[in-house]
Amino acid sequence: MTYTQGDISQQLVDTSVWSDQDLADHGIPVFDVPFVSVGGGIGSFSMVDTLRIAGVTVDQIRVVSDLERPSQTYEYLAGNSQIRTDHRLRSDSSSVIDCIWGWPGYALREAWGKKTPSVAIQVFLEPVAADYYTPKAGQVYESINREAARISWSQMLTQGVVRHVRRRNHGDYFVLFTPPTGSASTKRIAFRTRFVHMAVGYPGVRFLDDLQQYRQQHNDYQRVVNAYEPHDHVYAEMRHRPCTVLVRGAGIVASRVLQRLIDDRDQHGAETTIVHLFRNYPTGPQGKKATFRRPASKGWVYQGFNFPKAAWGGQMRDHLESLEGKDRRDFIDAIGGTNTAPRKDWREQLDRGEAEGFYLQGRGQVQSVVPSPDSRQIRTVVGGGNGVPTTQYDADFIIDATGLEANIEEHRVVMDLLRHGGAGKNVKGRLDVARDFRVRGTDNGEGRIYASGSMTLGGYYAGVDSFLGLQYAALRIHDNLVSAGFGRRIGPGRSISQWWKWARNTAL
Ligand SMILES: Cc1cc2nc3c(=O)[nH]c(=O)nc-3n(C[C@H](O)[C@H](O)[C@H](O)COP(=O)(O)OP(=O)(O)OC[C@H]3O[C@@H](n4cnc5c(N)ncnc54)[C@H](O)[C@@H]3O)c2cc1C
């Protein structure tokens with residue numbers, strides 16, 4: 001059989017286990033490296049940072065990514081959802097993604113850097129006498145860049161898009177990727193590796209079905225937008241003329257979008273009317289009183305972070321580790337779900353908006369989204385059934401702030417792992433990982449595949465899609481790798497000497 005040199009054939013795609021000869025027959029160059037991280041975002045960064053601290057050298061690690069900097073995708077998504085560099089994120093002071101020791105936290109660094117002790121004091125008062133301290137986005141990006149330079153990130157980075165992670169017939173794996181156009185003389189390159197780490201983030205932006213349908217049917221991608229895609233033109237137009245905007249969603253991104261809309265009213269004289277549509281409308285405390293309770297009012301469920309703090313390192317983490325099947329899923333749903341941070345400034349804005357009549361709330365199930373009769377606006381019809389009358393809202397724009405794509409099958413490499421690599425789904429339909437973040441069913445001889453990030457939600461750890469969760473996963477994976485003879489244990493001696501190097505910004 002003849003193949004296009006350097007490219008993959010359908011026959012190879014259909015073959016679950018590959019041999020060295022298969023790749024040689026296809027003219028695909030193969031390079032050996034013991035550890036490959038796929039993704040190159042914050043999850044990969046956290047993993048590689050831990051390994052470098054554990055003594056793994058640059059030549060033993062490759063990160064295959066479409067990014068140049070680890071925080072690039074994060075910055076893109078955060079920027080679109082209206083978190084600019086001088087805005088505060090959601091995680092706490094000790095979720096320091098650039099420092100596995102968690103100290104000094106972002107609050108102390110900010111207090112020291114800007115000579116403002118009040119932010120450090122806030123940490124002692126939170127959450128009772130003050131809102132939780134949360135770092136500014138720009139501060140987090142800077143800290144990641146600094147640490148990436150220190151651990152020689154760019155030397156480990158291989159630009160490319162991974163297409164397949166496949167078992168090799170004599171153990172280990174092939175990570176096959178497409179290098180950027182024009183950068184190589186071959187269409188595909190492969191790493192032959194013992195350990196693979198998957199940290200590919202979200203498969204893509206998720207749209208509510210009715211909004212997706214409207215966009216496609218009416219070819220209207222300008223007026224119905226997702227909060228995670230670029231949509232600054234919406235705010236620009238609202239500053240020019242009085243508009244009505246309908247916002248859907250009740251999580252942290254909806255909070256940010258509402259803040260942006262009201263800031264534009266306050267600071268730029270925008271005359272925007274906001275209709276905020278809730279599908280569920282809790283009005284009183286949520287959860288069991290004896291075990292877990294969180295406040296809710298006017299449709300919002302309030303919680304400092306997306307999970308309670310104890311889910312990251314306290315009794316909730318231990319409890320979750322002991323649960324299987326439906327119990328695990330139910331527990332994750334009970335402590336997570338849609339919620340937002342109870343920030344005083346956000347509440348003040350919404351109360352003022354309600355009193356002045358520019359912030360209106362609606363509730364119910366959406367029946368249809370169609371152009372208004374004169375086609376100048378978009379009509380959302382809500383409610384109906386069980387004797388409830390329908391309500392309709394006409395708006396100039398609709399912002400979908402309900403979330404990111406969560407179906408792991410949308411991700412080509414993950415789907416390939418499910419089909420050919422022995423991977424399975426967990427109780428929440430994501431990638432099934434063990435307590436040490438090994439992807440169950442994918443071992444190959446000495447080879448192991450690990451995964452961290454949002455695609456593993458539903459496993460034995462709740463806060464997987466967070467800075468602290470990514471660090472926790474990295475440490476668990478590191479422990480497992482050490483038991484397989486890769487890297488050194490980070491005991492007290494190494495920990496102290498490495499922290500000192502970190503503090504002095506000594507290159508590794
Ligand atoms: C708007 C927003 C705000 C957040 N705020 C916080 C916060 O305040 N605190 C907190 O703790 N957490 C926060 N998170 C959650 C979490 O920390 C981030 O989502 C984090 O970026 C997750 O890291 P990741 O590596 O899993 O994904 P990413 O950082 O998105 O990186 C994954 C990368 O993999 C790449 N990739 C995918 N497939 C392939 C492939 N086949 N080949 C090569 N590359 C590929 C993607 O392009 C992407 O660049 C936030 C998330 C979002 C979206």
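Values computed for the structure shown
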{"read-out": "Residue list for region 217-243, filter: among the polar types (S, T, N, Q) and away from the ligand (no atom under 16 Å from the Cβ)", "value": "Gln217, Asn219, Gln222"}
{"read-out": "Residue in region 17-26 that is under 18 Å from the mean Cα position of the chain (by Cα) and either on the phi > 0 side of the Ramachandran plot or assigned by TED's automatic domain parsing to the domain that holds Arg168 (or both) present", "value": "no"}
{"read-out": "Lone unmet requirement of (1) closer than 18 Å to Ser91 by Cα; (2) outside any helix (DSSP H, G or I) for Trp346", "value": "(2)"}
{"read-out": "Neighbours by Cβ (under 9 Å, 6+ apart or cross-chain): first from region 99-125, on the phi > 0 side of the Ramachandran plot; second of a type outside the set (S, T, N, Q)", "value": "Gly102/Val96; Gly102/Leu468"}
{"read-out": "Verdict on Val205 being within 13 Å of the ligand (Cβ to nearest atom), of a type outside the set (Asp, Glu) and under 30 Å from Leu431 (Cα atoms)", "value": "yes"}
{"read-out": "Helices (runs of 4 or more DSSP H) wholly inside region 399-508 containing at least 2 residues that are over 22 Å from Ser143 (Cβ atoms) and aliphatic (A, V, I, L, M)", "value": "412-420, 467-483"}
{"read-out": "Residues of region 72-96 classified as more than 7 Å from the ligand (Cβ to nearest atom) and under 17 Å from Tyr202 (Cβ atoms), total", "value": "4"}
{"read-out": "Some residue of region 108-125 being within 30 Å of Arg489 (Cβ to Cβ) and out of contact with any Phe, Trp or Tyr (no Cβ under 7 Å at 6 or more places or on another chain)", "value": "yes"}
{"read-out": "Odd one out for Phe177, checked against (1) of a type outside the set (A, V, I, L, M); (2) surrounded by 22 or more Cβ atoms within 10 Å (Cβ to Cβ); (3) under 26 Å from the mean Cα position of the chain (by Cα); (4) more than 24 Å from Glu68 (Cβ to Cβ)", "value": "(4)"}
{"read-out": "Some residue of region 449-458 being more than 16 Å from the ligand (Cβ to nearest atom), crowded, with 17+ Cβ neighbours inside 10 Å and in contact (Cβ under 8 Å) with a residue 24 or more places away in the chain", "value": "no"}
{"read-out": "Condition check for Ser46: surrounded by fewer than 23 Cβ atoms within 10 Å (Cβ to Cβ) and within 9 Å of the ligand (Cβ to nearest atom)", "value": "no"}
{"read-out": "Complete set of residues in region 159-211 that are of a type in the set (S, T, N, Q), in a strand (DSSP E or B) and in contact (Cβ under 8 Å) with a residue 60 or more places away in the chain", "value": "Gln159, Thr193"}
{"read-out": "So Phe191, is it crowded, with 23+ Cβ neighbours inside 10 Å and touching a Pro at 6+ places or on another chain (Cβ under 7 Å)", "value": "no"}
{"read-out": "Test result for Tyr132, assigned to a loop (DSSP other than H, G, I, E, B) and within 16 Å of the ligand (Cβ to nearest atom)", "value": "yes"}
{"read-out": "Residue ID - nearest to the ligand (Cβ to nearest atom), chosen from residues in region 97-112 that are in a loop (DSSP other than H, G, I, E, B) and surrounded by fewer than 19 Cβ atoms within 10 Å (Cβ to Cβ)", "value": "Gly102"}
{"read-out": "Selection status of Val245, touching a Phe, Trp or Tyr at 6+ places or on another chain (Cβ under 6 Å), surrounded by 20 or more Cβ atoms within 10 Å (Cβ to Cβ) and not hydroxyl-bearing (Ser, Thr, Tyr)", "value": "yes"}
{"read-out": "In region 208-229, the residues that are under 18 Å from Thr244 (Cα atoms) and touching a Lys or Arg at 6+ places or on another chain (Cβ under 7 Å)", "value": "Tyr221, Val224"}
{"read-out": "Filter result (within 23 Å of Val205 (Cα to Cα), modelled with pLDDT of 95 or more and among the acidic types (Asp, Glu)) within region 402-445", "value": "Asp416, Asp432"}
{"read-out": "Where Asp66 falls short, out of the listed (1) of a type outside the set (Val, Ile, Thr); (2) surrounded by 20 or more Cβ atoms within 10 Å (Cβ to Cβ); (3) within 14 Å of the ligand (Cβ to nearest atom); (4) in the same structural domain as Arg438 (by TED's automatic domain parsing)", "value": "(2)"}
{"read-out": "Search result, residues across region 459-496 that are more than 11 Å from the ligand (Cβ to nearest atom), of a type in the set (A, V, I, L, M, F, W, C) and either in contact with a strand residue (DSSP E or B) (Cβ under 9 Å, 6 or more places away or on another chain) or outside the structural domain of Gly421 (by TED's automatic domain parsing) (or both)", "value": "Ile477, Leu481, Ala484, Phe486"}
{"read-out": "Condition met for Val36 (outside any loop (DSSP other than H, G, I, E, B) and either within 16 Å of the ligand (Cβ to nearest atom) or farther than 23 Å from Val414 by Cα (or both))", "value": "yes"}
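Residue-wise test of (1) surrounded by 19 or more Cβ atoms within 10 Å (Cβ to Cβ); (2) among the polar types (S, T, N, Q); (3) within 17 Å of Asn426 (Cβ to Cβ).
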| site | (1), (2), (3) |
| --- | --- |
| Phe305 | yes, no, no |
| Ala310 | no, no, no |
| Gly313 | no, no, no |
| Asp333 | no, no, yes |
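The values are calculated or read from the model by the stated rules, or taken from the named source; none is laboratory data. The model shown is predicted, which means the values in this text are computed figures rather than measured ones. Note that we place each Cβ from the backbone using ideal geometry, even for glycine, and neighbour counts take in every protein chain shown.
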